[in-house]
1. Can you show me the helix-derived [θ] at 222 nm for chain B, built from DSSP H runs with n ≥ 4 at -39,500 (n - 2.57) apiece and divided by the number of residues, rounded to the nearest 500.
2. Give the calculated FRET efficiency between B:ARG25 and B:ALA239 to the nearest 0.05, with a Förster radius of 35 Å applied to their Cβ-Cβ distance.
3. Projecting each Cα onto the charge dipole of the stretch B:130-244 (Lys/Arg +1, Asp/Glu -1 at the beta carbon, about the Cα centre), which of B:ILE138, B:TYR212, B:PHE238 comes out farthest on the positive side?
4. For B:GLU119 and A:VAL63, what is the calculated FRET efficiency with R₀ set at 60 Å and r taken between the beta-carbons, to the nearest 0.05?
5. Kyte-Doolittle cut-off 0.0, length cut-off 24 Å along the helix's own axis using Cα: show which whole DSSP H helices in chain A pass.
6. Can you give the Kirkwood hydrodynamic radius for chain B, in Å, rounded to one decimal and based on Cα pairs?
7. Would you mind pulling out the separation of the Cα centroids of the stretch B:1-40 and the stretch A:19-95, in Å?
8. Can you give the net charge of the other residues whose Cβ lies under 11 Å from the Cβ of B:THR190, counting K and R as +1 and D and E as -1?
Amino acid sequence: MSVIGKYFIFLGSLFGKGEKLSVYWRRFMEESVGIGVSSIFIVAIVSTFIGAVSCIQTAYNLVSPIIPVSTVALIVRDMQILELAPTITCIVLAGKVGSNIASELGTMRITEQIDALEVMGINSSSYLVLPKVLAAMFTFPMLVILAAFLGIFGGYLAGTLTGVITERDYLYGIRDSFVPYNLFFMCVKPFVFGFLIATISSYQGFFTQGGALEVGRSSTQAVTNSCISILIADYLLAQLLL
Amino acid sequence: MIEIKDIAKAFNGKEVLKGITSTFREGETNLIIGGSGTGKSVLLKTMIGLIKPDRGNVLYSGRDFYNSDKDMRQSIRREMGVLFQGGALFDSQTVEENVRFPLDMLTDISAAEKKERVEFCLQRVGLEGTGKRMPSEISGGMKKRVGIARAIVMNPKYLFCDEPNSGLDPLTSVKIDELIKEITEEYKITTVIITHDMNSVMEIGQNIIFLYQGDKLWEGLNSDITNTKVPELNEFIFANKLLRDAAKENQNK
């Protein structure tokens, strides 16, 4: 309980007396590049292959003369939009971004860089963490949209190249029974997950004590806790919004 | 001038500082010495506001740091420059950006004025032409110099140095010591240095405090330190065989 209390006090400190807006804007842009742009490659690889695999496996399980082949594409689309793109992408990002944030802040803590900021009278948590949180909440939904698109495209490639579904059936399937609300749901998830990953990882890194070993531990703890929180939040969001 | 009054601090019931009182004078290099684990760093951190003491006051030119409002504390903080043990340079910024950082964050002066001030500070510490290099590309001694440049860029009234010689070769140590002393006298700064380096004590120490197990056992001038009757201090000073032999030789003479 004390850890949860400390986490919320830490969140409160992010919105304490801050610095000039221009400083935050510059930091936000830097973090958006570091967190968002540098994650495009890994997100693209993971989502394309997940889309491809989900297409082939769905087709493998739907061998029935009464189910139209285009249903494969419909399932791939809904799996991507509702679950795979937002949740799996964010779990991958928890590993990449979460560990990076925790180790960066942990190293800054043990090398007294955070102390140096505090001595200057700078709100260190707000200066260091708030731009990361905002950048994650801003870039994660965009990465997830990209992941959903590439996932569906990956399914198309795998389906048509292996011959389990024709191009025409696939294009028909992804447009069949489309519910636009699902796109909204898809974008809400990474917004929440981005907040959780950035704040939990920052918390772990910010309060690191010791040396290199503890920085490694904080990093591992950040990824573990972020993944658990994503799964819990995923369930709660599904209950609340669907 | 900085006054500390009855500073005490305990961690998990263990007393690390047991009521330290002292005065650090303006324009002089004030040294806090003692062995490892005697509370030197904790005392420094209580003075600069990183660790809140359990009791006691820290007064900066009469202004009580811990009993002031936020604005006053902030204004006192902006009069401080701190050189951390490892330099505490921001890894993601160049040398120039590190030195300019306090100006960017805490002032509204123009870019040209900032550039001029940064160049002056880098020149003052003998690092002209290194502004574009990253902290990972410079030596330990250079990092300390950059740390000093960053500490003085805001024209501080108070300069704190946490073991400025740690990890440096003897020649670089002497240069860093001399630089700190020069800056202290030139700008009439109140400088507080933590060290367990006897060379620094003899070379630049003017007022010296000796801490032992969280207590202040001795306070005095550099010239008196070798003639004390405090056994713990003598043990600390003459731990080095060369100094021990020199002292014996002096006594024989």
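1. Only helices count here, giving -12000 deg cm²/dmol.
2. Rounded to the nearest 0.05, the efficiency is 0.80.
3. Going by the charge dipole, the pick is B:ILE138.
4. Values: r = 75 Å, r/R0 = 1.25.
Computed FRET efficiency for B:GLU119 and A:VAL63 comes out at 0.20.
5. Span-like helices in chain A: A:40-61, A:124-162, A:181-206, A:212-241.
6. Details: mean 1/r = 0.0526 Å⁻¹.
In chain B this quantity evaluates to 19.0 Å.
7. 56
8. Charge balance near B:THR190 sits at -1.
No value in this document is a laboratory result; all are computed from the given coordinates. Since this is a predicted model, take the numbers as computed values, not measurements. Cβ: placed from backbone, ideal geometry, glycine included. Neighbour counts: every protein chain shown.
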